[in-house]
Amino acid sequence: MALIVQKYGGSSMGSVDRIKLVAKRVAKTRAKGHDVVVVVSAMSGETDRLIKLAKAIEERPEMREYDALVSTGENVTTALLAIALNGMKRPAISFAAHQVKILTDSVHSKARIESIDDARIREELKKGRIVVVAGFQGVDAEGDVTTLGRGGSDTTAVALAAALKADVCEIYSDVDGVYTTDPRIVPRRAS
């Protein structure tokens, strides 16, 4: 039995139907006897929507409140994925960063992870649960929510895998193939 950390991005979590597909993939991994920790991003476009809301009220929002707002998208997807898994009779529990103590510095919107307390995750894995953790977010020494910046859910997954000494860290992306470069930056070329 291996300990596997899986990360799913916003496009993979972009709708209820896609979340159900992710749940099936996670359940399949668990059915093979592996312990599974899943890190998820907010639904596709949700973080941008929240940023627009903040900037519609104040062009330069206070960063503590900005992080409190933009981190909420991941809380939604963690709960939805846990609900889907529990509905499939695959016991799961969702956690925000403060619940598993992903401690960061206090640089809002660009925080760095300083430590992770893996005790609660391990406790839930021992109970046979799939653990679903919000990516992109942490909490500083004051208990304030912080965010890790764009790509922060990938950072969360890798940091959790390291803290848990996971056997594998799988980062899933909803793309139409394997690329040698970022297709958003380097356009396709005729061969």
Could you figure out which of (1) crowded, with 20+ Cβ neighbours inside 10 Å; (2) touching a His at 6+ places or on another chain (Cβ under 9 Å) isn't true of Val40? (2)
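Among the residues of segment 50-82, which ones are without any contact (Cβ under 8 Å) to a residue 12 or more places away in the chain, assigned to a helix (DSSP H, G or I) and either buried (at least 19 other Cβ atoms within 10 Å of the Cβ) or among the charged types (D, E, K, R) (or both)? First the steps, then the outcome.
To start, the set of residues in segment 50-82 that are without any contact (Cβ under 8 Å) to a residue 12 or more places away in the chain comprises 52, 55-62, 65.
So of that shortlist, the ones also assigned to a helix (DSSP H, G or I) come out as 52, 55-57, 65.
Within segment 50-82, Lys52, Lys55, Glu65 meet the criteria.
What tally of residues in segment 93-122 results from selecting those that are of a type in the set (D, E, K, R) and not in a loop (DSSP other than H, G, I, E, B)? Before the answer, list the steps.
Of segment 93-122, the ones of a type in the set (D, E, K, R) are 101, 105, 110, 112, 114, 117-118, 120, 122.
Now restrict to residues that are not in a loop (DSSP other than H, G, I, E, B): 114, 120, 122.
Qualifying residue count, segment 93-122: 3.
Could you check segment 83-92 and list, in sequence order, the residues that are assigned to a helix (DSSP H, G or I) and either under 13 Å from the mean Cα position of the chain (by Cα) or of a type outside the set (Gly, Ala, Ser) (or both)? Break it down stepwise before answering.
Here is the first cut: in segment 83-92, the residues assigned to a helix (DSSP H, G or I) are 83-87.
Once the filter is applied, which keeps residues that are assigned to a helix (DSSP H, G or I) and either under 13 Å from the mean Cα position of the chain (by Cα) or of a type outside the set (Gly, Ala, Ser) (or both), segment 83-92 yields Ile83, Leu85, Asn86.
Check Asp154, Asp167, Asp118 and return the single one that is in contact with a His (Cβ under 9 Å, 6 or more places away or on another chain) and at pLDDT 95 or above. Working first, answer last.
Values: Asp154 fails: in contact with a His (Cβ under 9 Å, 6 or more places away or on another chain); Asp118 fails: in contact with a His (Cβ under 9 Å, 6 or more places away or on another chain).
Result: Asp167 is the single residue among Asp154, Asp167, Asp118 that is in contact with a His (Cβ under 9 Å, 6 or more places away or on another chain) and at pLDDT 95 or above.
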Give Val139, Val107, Val76, Val100 a once-over and let me know the one that is under 25 Å from Glu46 (Cβ atoms) and touching a His at 6+ places or on another chain (Cβ under 7 Å). Val139
Those residues that are among the polar types (S, T, N, Q), in a loop (DSSP other than H, G, I, E, B) and closer than 14 Å to Gly152 by Cβ, I need them from segment 38-49; list them, please. Ser41
Any chance segment 95-104 includes a residue that's touching a Lys or Arg at 6+ places or on another chain (Cβ under 7 Å), free of Cβ contacts under 8 Å to residues at least 60 places away in the same chain, more than 19 Å from Leu125 (Cβ to Cβ) and open to solvent by less than 30 Å² (accessible area, probe 1.4 Å)? yes
Here the residues within segment 129-183 that are in contact (Cβ under 8 Å) with a residue 60 or more places away in the chain, part of a helix (DSSP H, G or I) and open to solvent by less than 50 Å² (accessible area, probe 1.4 Å) are Ser153, Thr156, Ala157, Leu160, Ala161, Leu164
Given (1) touching a Gly at 6+ places or on another chain (Cβ under 6 Å); (2) farther than 24 Å from Val22 by Cβ; (3) among the β-branched types (Val, Ile, Thr), where does Val107 come up short, assuming only one miss? (1)
Among the residues of segment 5-31 satisfying the criterion of being in contact with a helix residue (DSSP H, G or I) (Cβ under 9 Å, 6 or more places away or on another chain) and more than 17 Å from Glu74 (Cα to Cα), which is surrounded by the most Cβ atoms within 10 Å (Cβ to Cβ)? Val26
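The values are calculated or read from the model by the stated rules, or taken from the named source; none is laboratory data. Keep in mind that this is a model prediction, so the values were computed, not measured. Neighbour counts run over all protein chains shown; Cβ positions are idealised from the backbone, glycine included. Remember, those area values only see protein heavy atoms, side chains included, never the ligands or the DNA or RNA. Shrake-Rupley method; radii C 1.70, N 1.55, O 1.52, S 1.80 Å.
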